[in-house]
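> Have a look at this one before I ask anything.
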Amino acid sequence: MGGGIRILVKDSYGFTVRPQHVHRYREYSSIYKEEEGERLEKWKEFLVQQEECARASHSKEEHTEPVVSEVTEQSGDPGQSTSEERDDSAEQCAAVSEVTAVEKVSGEEENPSEVTEQSSEKRDDSAEQCAAVSEVTAIENVCGGEENSSKKRSEGGLPSREAPSSQHGKRREVKTWADISPSLNCIDHMMSVRIKKTGNMKSRNIRCESNDLPSIDETRPSDGGSDDDNERSDTANAQTSSDKLPPETSFSWKEELASLVRGGVPKDLRGEVWQAFVGVRTRRVEKYYQDLLAVECDATDGKEHDKSASEGKKGDLPEKLKKQIEKDLPRTFPGHPALNETGRNSLRRVLSAYAIHNPSVGYCQAMNFFAGLLLLMMPEENAFWTLVGIIDEYFEGYFSQEMTESQVDQLVFEDLMRERFPKLVNHLDYLGVEVAWISGPWFLSIFVNTLPWESVLRVWDVILFEGNRVMLFRTALALMDLYGPALVTTKDAGDVITLLQTLTGSTFDSSQLVLTACMGFLNITEDRLQELRQKHRPSIVSTFEERSKGGKSFKDPKGLATKLYSFKHDHGSIVKENQTEAGLDDNIDLGEIPNLDSHSASLDEFLKGMSIDSEADSLPDLQEQVVWLKVELCRLLEEKRSEALKSEELEAAFMEMVQEDNRMELAAKVEKLEKEVAELRQLLADKKEGENAMLQVLLKVEQEQRETDQARRFAEQEAATHKQALHALQEKYDKAMADMEKRVVMAESMLEATLQYETGQSKASSSPKSGRPELQDNPSKKAGILSFGLGWRDRSKASNDDTGNVPDETDDQQE
Amino acid sequence: MGCSSSVPDRSAGRLGGVNPDNGGANDPKNLRVKLVLLGDSGVGKSCIVLRFVRGQFDPTSKVTIGASFLSQTIALQDSTTVKFEIWDTAGQERYAALAPLYYRGAAVAIIAYDITSPESFHKAQYWVKELQKHGSPDIVMALVGNKADLNEQREVQTQDGIDYAEKNGMFFIETSAKTADNINQLFEEIAKRLPRPTPPS
């Protein structure tokens, strides 16, 4: 694989930066550089320290090289055979390796791919050689490492992904594999403890194959406690069989390493550090990769072998997967300089080999990106083993045919989202956005193509270090944490997704992201996730079961054949592997069965007996029977396990239903109570309203009363004034009356006087008669007026004084 | 594979209840439509979307993992606008398990195949059946034969596409994301066939 890295409009990993992000990338690239320098210092210091420790404790180990050395890349020239030449090319490469601008001559790389595709005979030869030398590899490797690093030291350059590894130039496969530098041994050791725990290669094979068997319950063959048991027994095996490793707890510096990892792995160490994390060296089985490729090659030549018939090797790569891989090669990091013809060939080989290695997964889109990424950082076979570690273990069940675990994880993530970001999820619910729409692609691609590369790699650093999917969840939650506030402002489903895509695509602040993820979500732990997965798995499995019952079946009709074949294969590879443990093949085979089920020990014994018997009798016939019995046994075991699993699942489902039921009841109660409270509140509110209304009415009444009061007072006042006026009028009237009376009296007296005078006159001179009647008329008129006045006066005076008027009346009567 | 819904009914129920806007907004002048693209791997689903949304064609586009999302708004002659929210799904068979997540509640489905690949045509028929079984009942489906520019390598006859589409009440068109042939027509035609919400009275 070429590590051609150039800086154009591309980032420092050779990936094109999206045009809209170029500006921000430029801003951050200086920060990256700064961070890179810092972390390189820290790592160097750390590794030197570890080296010293290791040297002190393991004196028998030959790692005496205290400097961070790099032996990643393939050997340059396949023709080189002496160490001198190797040194030369190392020098050359070191000179060229200006941190990023290493351009591999493609001609150099062409060869190895041809080599691997050459006839199997040749390969077998060299592979054998390989195996033969493998024991010495470590020592040689150290030498190579020493040479290289001393070179580098003298150059003053950073260790970089250049050059002829420690490996032996005369063998051409060498190119595809390189041991990691001894300075990382300590990490490697620590991590390999982890691998031993989950079983070594051979047992893995059986487990993988079994995934492919008829019952889909097999997809999780290692659930719960039984798995732990297996692991424990494995650990025991591993610790007795291989060089004794200190228990993980004794790695006091693990915390230190963890924080270093969170700070990021230096770019130039990354390839090797990742391998150390995944435990590639421990995983590796000599020749295994080459064997897989040989199968692939043969299949291309001979076409369609019957799976069960192809003795002693792995099954072919199904045509379908082959086609799919072929389709996807040019669509993997298109435009990346390293993925030229040669790069794609490597990618094809790694993917094909993996597909054959683990048929239950085969090839799943997304793996092309992972393998491609790994190939950018390490030689081909190293990339293969790293991929094996990641897919078989860290992401077990994720990319398999049914993708069960990835679906389970989606439900788990939704749970966590609801717990951590209820408001955001409410908003998403409201807009009709499902969390899995967003998180699905994130998880399946492990953020490749969704985050900027620096951030992707930083996340991968942690994932590979931790060896589980916790960081996947934490990172996704961190992204939601960072961008949730922006998301709640969106108004429709499309905007949510678009905005989030844009934002995540520009998450250049990788340190912030990793820090938020690691520190902000400490309560997301593997245990917690397992618990939640346990809760959700039954539903996914049952949906899947339903589906496979309904439509076309997913079940592999060749299950038995595969199983049979897996036995045969293991039989083969184990012999190669455990040459030291000379024993009957069958015995070794059977020795693996406990991995499937620890209860099979007695059966194991039984079968052992069988196989021994078979040696005594006519061999081929009984051998066949043994094989058949083994198959039968396997089937039975599997059936048993699947039943057990099924019942477990059913139980879990039942428990969940019960819980759900309870929850539903409670929810209903709560709802009811809430309703009641609401009703009461309503009533209260109504009453208050009524009260208010009453108050108002009262107020109105009061007001009215006040008004009427006022009106009354006003009226009273008016009445008083009227009275007064009346009074005044009365007085006036009285006064006027009195006046009038006086005048009347005066007038009377005057009249009397006049009358007297008149009578006196007439008496005195009775002259012309003619004048007399006139005169007589006049006095009568006057008397009329007088009498009227007198009458009125009398009437009004009648009540006042009666006495004084008697003469007047007589007067009147006289007239 | 005969898959129904990958995620158990729990979420299906939730979706049905809380998600009234999936079929499109209520404004009859500004429709919002969820569209899902299905079809075999490598038939050019992503290319169709990229051509429609960005007007670009990249012969070496990336593999789609899970699904990817893009949206595009077009204006019709009657001055209505239609905003397509396009979910472009991964083509590999096993990803079909995740497809229900994306086609659930979709108002439109484009089912694409490659006219040079009979296999992809079969896969398209699988998707049609799947949607008839599990998609929204009033979903508008379009059968699209892509890579029409490779006519000399054609292995699926146009008439076969037409016949199948007719039988299943679908709209049929042959497109080329590479030459942009019929891409816009495809989406315009879909827009015309959308059930319009009755204007609120």
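No lab work stands behind these numbers, since they all come straight from the coordinates. This structure is a prediction, so every number in the text was calculated from the model and none was measured. Every residue, glycine as well, gets a Cβ built from its backbone with ideal geometry; the counts of neighbours run over all protein chains shown.
> In what sequence do A:184, B:50 fall when counting other Cβ within 10 Å, fewest first?
Final ranking by Cβ density, sparse to dense: B:50, A:184.
> Just tell me how shielded B:94-102 is by partners: mean number of partner chain Cβ atoms within 10 Å of each residue's Cβ, no decimals.
Details: counts 12, 7, 2, 11, 9, 0, 2, 6, 4.
What the average comes to for B:94-102 is 6.
> Beta carbons within 10 angstrom, averaged per residue: use that to sort the peptides A:721-733, A:487-499, A:352-364, highest first. Don't jump to the answer; show the numbers that get you there.
Details: A:721-733: 10.2, A:487-499: 17.9, A:352-364: 25.2.
Packing order, densest peptide first, comes out as A:352-364, A:487-499, A:721-733.
> Helix-only estimate, please: 222 nm mean residue ellipticity of chain B, summing -39500 (n - 2.57) across DSSP H runs of length 4 or more and dividing by its residues, to the nearest 500. Working shown, then result.
Numbers: 6 runs with 63 residues, N = 201.
That calculation yields -9500 deg cm²/dmol at 222 nm.
> Which of the residue pairs B:62/B:178; B:129/B:192; A:322/B:62; B:147/B:192 have a Cα-Cα distance greater than 20 Å in the structure shown? Please list the in-between numbers first.
Values: B:62/B:178 15 Å; B:129/B:192 24 Å; A:322/B:62 18 Å; B:147/B:192 24 Å.
Going by Cα-Cα distance, B:129/B:192; B:147/B:192 fall outside the 20 Å limit.
> Would you please give the residues with an amide H less than 5 Å from that of residue B:32, counting only those at least 5 places away or on a separate chain, with H modeled from the backbone geometry?
HN-HN under 5 Å from residue B:32: B:25, B:83.
> Next question, about the same structure. Which whole number gives the average, over all residues in A:436-448, of C-beta atoms from other chains lying within 10 Å of the residue C-beta?
Numbers: counts 8, 7, 3, 1, 8, 8, 2, 2, 6, 4, 1, 0, 2.
Per-residue shielding by partner chains comes out at 4.
> Then there is this: Using the Cα centre as the reference, give the magnitude of the dipole from point charges on the C-beta atoms of the range B:84-201 (Lys, Arg: +1; Asp, Glu: -1; all else neutral), rounded to the nearest 20 debye. Walk me through the intermediate numbers first.
Details: 12 positive and 17 negative charges, 96 e Å.
In debye, rounded to 20, the range B:84-201 gives about 460.
> Give me the inter-chain shielding for A:358-367: mean count of other chain Cβ atoms within 10 Å, whole number please. Before the final figure, lay out each step's value.
On the way: counts 0, 0, 0, 1, 1, 2, 6, 11, 7, 2.
The per-residue average across the peptide is 3.
> Using per-residue counts of other Cβ atoms within 10 Å, averaged over each peptide, order A:635-641, A:646-652 from highest down. Walk me through the numbers before you get to the answer.
Numbers: A:635-641: 16.7, A:646-652: 15.0.
Ranked by mean Cβ neighbours within 10 Å, highest first: A:635-641, A:646-652.
> Starting from the Cα of residue B:79, step 7 Å along the direction of its Cβ; do the same at residue A:757; then give the gap between the two resulting points in nm.
11.7 nm
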